[in-house]
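First up is the structure itself, then whatever we jot down about it.
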Amino acid sequence: MKKLQRTSPTVYLAGPDVFLPDPEAQFEFLRAKCRARGLVGVSPFDGGANLLGSGDDVSERIYLANIELLRKCEAVLANLMPFRNATEPDSGTVFEVGFAVALGKRVAGYLPERHRSYEEKVISACGMSRDARGVCWDRSHGFMVEEFGQPMNLMLSRSTALFGDIDSALDFLAEGLRVA
């Protein structure tokens, strides 16, 4: 009887890393961490989108290529660090996390300051005030601040396993993707 060869589980590497000055070096770093756990890291660049043409054409090709990669990978490792502001992750990464969760993929996010609550981050970035009922409002934008003690907005903190570092997030993914 012929023995079936099992391929290593694939992990889509989501995050604003594509905007770094040397994103390929970062993705190679992440791929090496994946390989050490028997996983295959897949970067958004692996979709092979043609980057020539108008902004609309290029962005559509990147979108479709990334969606296809997300569909093919078994899991997602998401860099949820604050991006371009003090509190919120990259919106593209948040979309990819939501898409993967909707597909039933295993998702792990990593972010610095995992121990700080979302409200602490918003309050330090925007200031805060409390109304007569004790509800917290950010001074910069006038929105209510959710005070649930989570490290991120509840839609991320309830749908995604969150870790303070890459290694812990990858260990979680590797453990869950093991098949005896």
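Bear in mind these aren't lab numbers, they're just calculated from the coordinates by the rules spelled out. Everything numeric in this text was worked out from a predicted model, so none of it was measured. Cβ sites come from the backbone with ideal geometry, for glycine too, and all protein chains shown count toward neighbours.
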Going through the range 15-68 one residue at a time, which ones are part of a loop (DSSP other than H, G, I, E, B) and of a type in the set (Gly, Ala, Ser)?
Gly15, Ala36, Gly38, Ser43, Gly48, Ala49, Gly53, Ser54
For the range 9-40, which positions are surrounded by fewer than 18 Cβ atoms within 10 Å (Cβ to Cβ) and aromatic (Phe, Trp, Tyr)?
Phe19, Phe29
So Thr87 clears everything in (1) of a type in the set (Ser, Thr, Tyr); (2) touching a helix residue (DSSP H, G or I) at 6+ places or on another chain (Cβ under 8 Å); (3) surrounded by fewer than 16 Cβ atoms within 10 Å (Cβ to Cβ) except one condition, right? Which one?
(3)
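Anything in the range 91-120 that is part of a loop (DSSP other than H, G, I, E, B) and within 24 Å of Leu177 (Cβ to Cβ)? List them, or say none.
Keep residues of the range 91-120 that are part of a loop (DSSP other than H, G, I, E, B), which gives 103-105, 111-117.
Leu103, Gly104, Lys105, Leu111, Arg114, listed by residue number.
Name the one entry in Gly134, Gly104, Gly127 that is within 16 Å of Thr160 (Cα to Cα) and surrounded by fewer than 17 Cβ atoms within 10 Å (Cβ to Cβ). Before the answer, list the steps.
Working: Gly134 fails: within 16 Å of Thr160 (Cα to Cα); Gly127 fails: within 16 Å of Thr160 (Cα to Cα).
That would be Gly104, the only listed residue that is within 16 Å of Thr160 (Cα to Cα) and surrounded by fewer than 17 Cβ atoms within 10 Å (Cβ to Cβ).
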So which residues in the range 107-124 are over 23 Å from Ser168 (Cβ atoms) and exposed (fewer than 14 other Cβ atoms within 10 Å of the Cβ)?
Ser124
Filtered residues of the range 121-131 (kept if under 15 Å from Asn85 (Cα atoms) and outside any helix (DSSP H, G or I)):
Gly127
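So that you can scan it fast, the table gives a plain yes or no per residue for (1) free of Cβ contacts under 8 Å to residues at least 12 places away in the same chain; (2) outside any loop (DSSP other than H, G, I, E, B):
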| site | (1), (2) |
| --- | --- |
| Arg133 | yes, no |
| Ser140 | no, no |
| Glu146 | no, no |
| Met152 | no, no |
| Ser157 | no, yes |
| Leu162 | no, yes |
| Asp167 | no, yes |
| Asp171 | no, yes |
| Ala174 | no, yes |
